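Only the coordinates and a few stated rules stand behind these numbers; no lab work does. Everything numeric here is computed off the predicted structure, so don't read it as measured data. Cβ sites come from the backbone with ideal geometry, for glycine too, and all protein chains shown count toward neighbours.
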Amino acid sequence: MIITPLNIQGAAIVEIQPLRDDRGFFARSFCEQEFQDAGLALNVVQSNLSHNKKKGTLRGMHFQASPKPDPKLVSCIQGSIFDVVVDLRKDSDTYCQWHGVELTADNHKALFVPPGCAHGFLTLSDDALVHYQMGEVFVPELARGVRWDDPTFAIKWPAQPLSIAERDATYANFTGE
């Protein structure tokens, strides 16, 4: 695997290194030791899938509050998405900054989202299937979100969303609280 740190403190792009032959390829998509060596902590306790029927679907920006913030490794295993991480950690040098990356079934990249950061994505194709490897179990009462179009972050989405859940569309603007 190739692990490339991003401008968001603790976030990284993870790329597989496929071993190819006439059948296709084999590649490791997660290795605890390689993550530790890169300074990334992810003890996978849960895996999730998100199927998105239509191009232009926006999901996010979600995070889980303390005491159980949720680090995650996100990949797109069918179709393509624009995946975004926003740093919400007040003590971070990259507080309120964001980074976006295109994840596709073909480029085999994944985004590591550190705990304390919000995450969301916009589908760039129909039938996008997103896989999450979670470092914390989901705790509904700790589920939180911030607006996908909050001017505090000024995320440059590649397109206007065509479909967004009411919950995601009506989060309040970020106040830093």
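Each row is one residue, and each column tells you yes or no for (1) in a strand (DSSP E or B); (2) closer than 26 Å to residue 155 by Cα; (3) charged (D, E, K, R).
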position	(1), (2), (3)
4	yes, yes, no
25	yes, no, no
28	no, no, yes
35	no, no, no
55	no, yes, yes
59	yes, yes, yes
76	yes, yes, no
81	yes, yes, no
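What are the pairs with Cβ atoms under 7 angstrom where one residue, in segment 96-112, is farther than 15 Å from residue 127 by Cα and touching a residue at least 60 places away in the same chain (Cβ under 8 Å) and the other, located anywhere, is of a type in the set (Phe, Trp, Tyr) and buried (at least 18 other Cβ atoms within 10 Å of the Cβ)? Sequence gap at least six, or different chains.
Listed by first residue and then by second, the contacts come to 96/153; 98/153.
When you go through (1) touching a strand residue (DSSP E or B) at 6+ places or on another chain (Cβ under 6 Å); (2) surrounded by 13 or more Cβ atoms within 10 Å (Cβ to Cβ); (3) not small (Gly, Ala, Ser) one by one for residue 16, which number turns out not to apply?
Only one criterion in (1) touching a strand residue (DSSP E or B) at 6+ places or on another chain (Cβ under 6 Å); (2) surrounded by 13 or more Cβ atoms within 10 Å (Cβ to Cβ); (3) not small (Gly, Ala, Ser) is unmet by residue 16, namely (1).
Determine, yes or no, whether residue 74 is within 9 Å of the chain's Cα centre (by Cα), within 21 Å of residue 145 (Cβ to Cβ) and of a type in the set (Val, Ile, Thr). Steps first, answer last, please.
On the way: within 9 Å of the chain's Cα centre (by Cα): yes; within 21 Å of residue 145 (Cβ to Cβ): yes; of a type in the set (Val, Ile, Thr): yes.
Considered against the rule, which asks whether it is within 9 Å of the chain's Cα centre (by Cα), within 21 Å of residue 145 (Cβ to Cβ) and of a type in the set (Val, Ile, Thr), residue 74 comes out as yes.
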